[in-house]
Amino acid sequence: QVQLVESGGGLVQAGGSLRLSCAASGRTFSSYTMGWFRQAPGKEREFVAYITRSGGSTYYAHSVKGRFTISRDNAKNTVYLQMNSLNLEDTCVYYCAAARASINWVNPASYDYWGQGTQVTVSS
């Protein structure tokens, strides 16, 4: 069992930056591929980024590539999402998730555990 708690969301002006954190419980954090997803009201949850167990590989949605950076610190059981050059379309609830095994890490169904989400609101 893994519990995930996101933090770092808030209100930011367009063009600004935020860093989200996701702290995981348990001693097996390094066994999980970690992903970030987001969901806007009335829309399906969409993939943002993932990072593999050792942090050696990352992958981003086209909409955030070059602006967002995912990283992890296995010693601290934490995954991060650095978000730069934020725009209005980035306004969503952001979720972190942990996947034990899968090869399709862009699919939300591949993830075993989810956090409660943190709201990010970008204003003009």
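The values are calculated or read from the model by the stated rules, or taken from the named source; none is laboratory data. Bear in mind that the values here come from a model prediction, so they are computed numbers and not experimental data. Reconstructed Cβ throughout: ideal geometry from the backbone, glycine too, with neighbour counts over all protein chains shown. Only protein heavy atoms, including side chains, enter the accessible area calculation; ligands, DNA and RNA are left aside. Shrake-Rupley method; radii C 1.70, N 1.55, O 1.52, S 1.80 Å.
Before moving on, here are some points about what is shown:
- A Cα-only calculation for the chain places Rg and Dmax at 13.4, 42 Å.
- Heavy-atom accessible area per residue - region 23-79, 1.4 Å, Å²: 54 Å²
- Accessible surface of region 53-124, 1.4 Å probe, proportion on carbon and sulfur as whole %: 49 percent
- Under a 5 Å amide H cut-off, with hydrogens placed 1.01 Å from N, residue 49 pairs with 36, 61 among residues at least 5 apart or on other chains.
- Region 1-63: trypsin sites (Lys or Arg not before Pro) in DSSP coil with no more than 13 other Cβ atoms inside 10 Å: 27, 43
- Straightening the chain between residue 5 and residue 107 buys 34.7 nm, computed as 0.36 nm per residue apart minus the Cα-Cα spacing.
- Computed log₁₀ I(q)/I(0) - Debye formula, equal Cα scatterers, no solvent, region 2-72, q 0.13 Å⁻¹: -0.43
- As a calculated quantity, the FRET efficiency between residue 28 and residue 85 at R0 = 30 Å, using C-beta atoms, amounts to about 0.30.
- A cysteine counts as unpartnered when no other cysteine's C-beta lies under 4.7 Å of its own; in the chain this applies to 92.
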